[in-house]
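Report on one structure; see the data block that follows.
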Amino acid sequence: MINDSTAIVLQEEVIAQKLDSFSKSNRNDPNKYIVFGMMDCTLQNLARRAWDLMNRGMQGVAISCDKLHTLQISLTSKKMMQLFRIMEDRNSYLLISLGDEDSVLEELKQVVAECKRLKVVLWDTHLIVN
C-alpha cells in the first residue's frame, strides 16, 4: 500500500544488487519502500528476469514506454503479457512511464483489462523537474 511516508525506489537492473539494503529494510517496515527494477525489454527470458527481481525483494518492475516504442515492442506482445501475468500472480506493481505516444494508453487499457489484479503506477516523465 502506497501512503504518504512511502518512498518509491527505481533502479536499473544492471545494479539491482545494490537494492538488497532496501529489501532488508522492507522486512522490518514493509510500507517504507516500494522497490522497482528497471527492465530491459529487449532481453531474452524477460519473465524469468522479472521473477528473479521479485525474488530478490523488489515489489515491481519499471518499464519505459518511450523505450518500448523506439524498439517497436508492444505492451500487448506475447512476452510482455507473459511478464504482466507473472507480476499479477505475484501481486506486484508495474511502474510505467506514459511516454509521448497515444497508442500507449490504448495498449495499457488492454493490459489492465486482461490482468485485472495487476497494480499499475503511472509515471509521467514530463513532470520531472531538474
In the stretch 51-127, which GluC sites (Glu not before Pro) are in a loop and have at most 16 other Cβ atoms within 10 Å, using DSSP for the loop call? Glu101
Put a dot 7 Å past each Cα toward the Cβ at Lys79 and Ala47; how far apart are the dots in nm? 1.3
Could you derive backbone 3J(HN,Hα) for the stretch 74-90 from the dihedral phi with the Karplus parameters 6.51, -1.76 and 1.60 (θ = phi - 60°), listing whole Hz in sequence and x where the residue is Gly or Pro? 8, 4, 9, 5, 4, 5, 6, 5, 4, 4, 5, 5, 5, 4, 4, 5, 8
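Just so you know, all these numbers are worked out from the coordinates, no wet-lab data involved. Computed from a prediction, not measured in an experiment: that's the story for all the values here. Heads up, the Cβs are rebuilt from the backbone with ideal geometry, glycines too, and the neighbour counts pull from every protein chain shown.
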